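The next block holds one structure in the form of structure tokens; read it before the comments.
The values are calculated or read from the model by the stated rules, or taken from the named source; none is laboratory data. Note that the coordinates shown come from a computational prediction; the quantities given were computed from them, not determined experimentally. As a convention, Cβ positions derive from the backbone with ideal geometry for all residues, glycine included, and neighbour counts pool all protein chains shown. When the accessible area is computed, the model is the full protein with side chains, heavy atoms only, and any ligands, DNA or RNA have been set aside. Shrake-Rupley method; radii C 1.70, N 1.55, O 1.52, S 1.80 Å.
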Amino acid sequence: MVEKNTREIEDGVVRDFSDRMSYGGYLDLPTLLSAQRPVSDPEHHDELLFIVQHQTTELWLKLVLHELGSACDLLRADELAPALKRIARVKHIQKTLTEQWSVLATLTPSEYVEFRGALGSSSGFQSWQYRAVEFTLGNKNAAMLEVFASDPVARSMVRDALEAPSLYDEFLRYLARHGYPVPTEVLERDVTVAWTFDEALVPVFTTIYGDAEEHWAAYETCEELVDLEDNFQLWRFRHLKTVERIIGMKTGTGGSSGAPFLRRALELTFFPELYAVRTAL
């Protein structure tokens, strides 16, 4: 029983970490928690929120890339079930990332303007992990490499994602290996360019959706990919609305037009045939 609102520490709870792994040691918390370094002078109270928001996003993006890379490898090896597990995890991360915008939205225009100037030309547009995620999902743009020209490590990551088959490429190759009539030109396409709608794929997906029970594995994967795109678009929309809420129609710190530039991102797509098949059914 708990007495006087105090829980007794059990005898077996480890207390001495002089020669044992601790929670802080395992997570390297001293390094992690010292990485938030506001640059405003005098330091503005709300800048820590801004930094933590973006650093936690980068940590989640690191995990998204880890999971998507594994999903691609598993699809390549025809191991569909564990690949879908990876995708399911990414979907949960996406929901967390989208909900996270509500925290940043507590930053008012009056508060942000007091330290925005200290950010210089830094912008989320320069997130190489975000760009690698977009590329891994198939929305590629080689011109983006120029943004990372001054950072060889970042440029290398983005280039690797540019040159590798996307998750969709790997799925279409999986379908071809399992007897679906995916056109040869699709399988041999230049994977360094953005995926664009291919009418020839719609009949393939019409067959799958026309008899979901017969083609369950492929059908389930299609729906998982649609979930990924839906979640990504919701994240983009919340990003746009948060920016509009905080800076209105001001230009971005990185030089973009700001909200109009973000709005155009809503027109970008990853798996257009999986939406087109809904019209064809």
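Tabulated results
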{"quantity": "Helix 80-104 axis, angle to the chain major axis (alpha carbon atoms, nearest 10°)", "calculated": "50"}
{"quantity": "The stretch 196-248 - Kirkwood radius from inverse mean 1/r over Cα pairs (Å)", "calculated": "13.3"}
{"quantity": "Per residue, the convex hull volume that the Cα atoms of the stretch 1-134 enclose (Å³)", "calculated": "239"}
{"quantity": "Gyration tensor (alpha-carbon) shape descriptor, the stretch 117-206, a/c threshold 1.5", "calculated": "prolate"}
{"quantity": "Loop GluC sites (Glu not before Pro), the stretch 1-99, which have at most 15 other Cβ atoms in a 10 Å radius of their Cβ (DSSP)", "calculated": "8, 10, 43, 79"}
{"quantity": "Translational diffusion of the stretch 75-114, µm² s⁻¹ [Kirkwood Rh, Cα pairs; Stokes-Einstein; 20 °C; 1.002 mPa s]", "calculated": "168"}
{"quantity": "Share of carbon and sulfur in the accessible heavy-atom surface of the chain [1.4 Å probe, %]", "calculated": "56"}
{"quantity": "Restricting the stretch 8-90 to chymotrypsin sites (Phe, Trp or Tyr not before Pro) in coil, as DSSP defines it, with at most 16 other Cβ within 10 Å", "calculated": "17"}
{"quantity": "Accessible surface, 1.4 Å probe, highest first, among residues 61, 262", "calculated": "262, 61"}
{"quantity": "Space enclosed by the convex hull of the alpha-carbon atoms of the stretch 1-48, per residue, Å³", "calculated": "170"}
{"quantity": "Compactness of the chain - radius of gyration and Dmax, Cα, Å", "calculated": "22.6, 73"}
{"quantity": "Heavy-atom accessible area per residue - the chain, 1.4 Å, Å²", "calculated": "57"}
{"quantity": "Charge dipole magnitude, Cβ of K and R +1, D and E -1 - the chain, Cα centre, debye nearest 20", "calculated": "700"}
{"quantity": "Added length on full extension, which subtracts the Cα-Cα distance from 0.36 nm per residue, residue 21 to residue 108", "calculated": "27.1 nm"}
{"quantity": "In degrees, nearest ten, helix 152-163 long axis to first principal axis of the chain (Cα)", "calculated": "20"}
{"quantity": "Spatially near lysine pairs across the chain, Cα under 26 Å, sequence gap of 8 or more or different chains", "calculated": "13"}
